[in-house]
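The values are calculated or read from the model by the stated rules, or taken from the named source; none is laboratory data. No experiment lies behind these values; they were computed from the predicted model shown. Cβ coordinates were reconstructed from backbone atoms using ideal geometry, including for glycine residues, and neighbour counts include every protein chain displayed. Ligands, DNA and RNA are excluded from the accessible area calculation, which covers all protein heavy atoms including side chains. Shrake-Rupley method; radii C 1.70, N 1.55, O 1.52, S 1.80 Å.
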Amino acid sequence: QAQLVESGGGLVQAGDSLRLSCISSVGTFSNYAMAWFRQAPGNEREHVASISVSGANTYYADSVKGRFTISRDNTKNMVYLQMNSLQPEDTAVYYCAARPVAGSKDESQYKYWGQGTQVTVSS
């Protein structure tokens with residue numbers, strides 16, 4: 001069964017760091033662009049970061065540029081989101097998503113989703 005499983009969320013203070021991980025069993029991992037989205041209470045789900053199949057190209061939401069880094073390890077079927085200088089407005093459920101070949105900021109383009117991991121940042 002194809003699935004994505006996130007881990008690494010938690011409760012941290014403003015200014016702290018967290019690294020989210022997502023392991024994939026969706027087909028041949030290196031054929032899928034990967035992305036992280038997040039959804040805060042009362043808000044729509046939004047794109048955070050995405051990475052191309054090779055890892056050579058990355059894209060970030062303006063709100064996280066310079067603080068978050070997406071990376072992948074195609075030998076381990078893993079994608080990561082390193083989050084530094086976390087702020088209370090980063091509090092959300094973070095989702096890993098996979099899409100064949102090309103990445104996108106549009107969540108409707110992603111077929112595979114994880115169950116999400118909660119990140120809570122206290123001030």
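Taking the listed residues 80, 95, 32, the one that is more than 18 Å from residue 118 (Cβ to Cβ), open to solvent by 10 Å² or more (accessible area, probe 1.4 Å) and touching a strand residue (DSSP E or B) at 6+ places or on another chain (Cβ under 7 Å) is 32, with no other qualifying. The residues in segment 18-56 that are free of Cβ contacts under 8 Å to residues at least 24 places away in the same chain and aliphatic (A, V, I, L, M) can be counted, and the count is 1.
Of the residues making up segment 74-87, those that are assigned to a loop (DSSP other than H, G, I, E, B) and closer than 19 Å to residue 33 by Cα are 74, 75, 76, 77. Of all the residues in segment 57-73, those that are surrounded by fewer than 17 Cβ atoms within 10 Å (Cβ to Cβ) and either part of a loop (DSSP other than H, G, I, E, B) or touching a residue at least 24 places away in the same chain (Cβ under 8 Å) (or both) number 7.
Residue pairs whose Cβ atoms lie under 8 Å apart, sitting 6 or more positions apart in sequence or on different chains, and linking a residue in segment 1-14 that is more than 14 Å from residue 117 (Cα to Cα) and open to solvent by 60 Å² or more (accessible area, probe 1.4 Å) to a partner that is in a loop (DSSP other than H, G, I, E, B) and of a type in the set (Val, Ile, Thr), are 3/26.
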